[in-house]
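The values are calculated or read from the model by the stated rules, or taken from the named source; none is laboratory data. Owing to the predicted nature of the structure, the values given are computational and were not obtained by experimental measurement. As a convention, Cβ positions derive from the backbone with ideal geometry for all residues, glycine included, and neighbour counts pool all protein chains shown. Accessible surface is based on the protein model in full, side chains and every heavy atom, while ligands, DNA and RNA are left aside. Shrake-Rupley method; radii C 1.70, N 1.55, O 1.52, S 1.80 Å.
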Amino acid sequence: MPVIARLRDLWTWLRYTYPFQLAHGPLCRRFREDVVRLGRLHVCRSCLALYGTLIVALPVVLLWAPGEQTLGWALGAVATSVAAFSRPPRYKRLPRPARDVVRAGAGVWIALAAAALLSGFWLVGVVGLTSALVSFLVFSRVRRRHRTHACDGCPELGRRGVCSGFRRQAVHVRAYEDLLTRRIAPDIAAELEARHAREPSVPV
């Protein structure tokens, strides 16, 4: 497939799915506090805290220009505190504002490590970024196990159709698939539309 066609398909996919690509979870009431809505865009609240703090903290640290020892102590203190509260079972028990602080602390952690590298303090920077990566991988593995029970107790669990947490995503993806079918195979698209018109509606 030509590059232009690939880029066109990618743009089409993003145009239909961008409202929930950064949500990183369902959009139902149970997970409402974990998502920030910016117009049509739904953004993961934890990611917003982490990356927002990282973007702000990195230039601040570079302007502060601490020495290697000071930067190392600051990085160690922040990394230890963030890692202690980032373990998924403990993290999930924290109130939502406290979780925002932990994720913002992770942004500071990465900013300090990146600033160390940019300042030529290679050992501090490499240790800081490596520890951040290892913590992320370890906690992600634990988080995946806990996510299998995230919807336990939901009254919609086991019902026919798509749950309210993914209903909007399903509508957008279906619209994208219909457009792609009309573009690639218009005859098949017409046949499917006629079939859908004859069939009873199915909950999404």
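Among the residues of the range 51-71, those that are open to solvent by less than 30 Å² (accessible area, probe 1.4 Å) and in contact with a helix residue (DSSP H, G or I) (Cβ under 6 Å, 6 or more places away or on another chain) comprise ALA57, VAL61, LEU71.
Just one of the listed residues (GLY105, GLY161, GLY165) is buried (at least 18 other Cβ atoms within 10 Å of the Cβ), out of contact with any Ser or Thr (no Cβ under 8 Å at 6 or more places or on another chain) and touching a residue at least 12 places away in the same chain (Cβ under 8 Å), namely GLY165. When we screen ARG87, ARG141, ARG96 for residues that are open to solvent by less than 30 Å² (accessible area, probe 1.4 Å) and either in contact with a Pro (Cβ under 6 Å, 6 or more places away or on another chain) or farther than 16 Å from LEU54 by Cα (or both), the only hit is ARG96. In a residue-by-residue description of the range 75-83, the property of being open to solvent by less than 30 Å² (accessible area, probe 1.4 Å), free of Cβ contacts under 8 Å to residues at least 12 places away in the same chain and either touching a strand residue (DSSP E or B) at 6+ places or on another chain (Cβ under 9 Å) or aliphatic (A, V, I, L, M) (or both) applies to no position. Is it true that some residue in the range 172-187 is aliphatic (A, V, I, L, M), out of contact with any strand residue (DSSP E or B) (no Cβ under 8 Å at 6 or more places or on another chain), at pLDDT 85 or above and closer than 23 Å to HIS24 by Cα? Looking for residues that are aliphatic (A, V, I, L, M), out of contact with any strand residue (DSSP E or B) (no Cβ under 8 Å at 6 or more places or on another chain), at pLDDT 85 or above and closer than 23 Å to HIS24 by Cα, one finds at least one in the range 172-187, hence yes. In the range 34-48, is there at least one residue being more than 27 Å from ARG144 (Cα to Cα) and open to solvent by less than 30 Å² (accessible area, probe 1.4 Å)? No; the residues of the range 34-48 include none that is more than 27 Å from ARG144 (Cα to Cα) and open to solvent by less than 30 Å² (accessible area, probe 1.4 Å).
Within the option set PRO200, PRO155, being loosely packed, with under 12 Cβ neighbours inside 10 Å, more than 19 Å from the chain's Cα centre (by Cα), at pLDDT 75 or above and over 26 Å from TYR18 (Cα atoms) holds for one residue only, PRO155.
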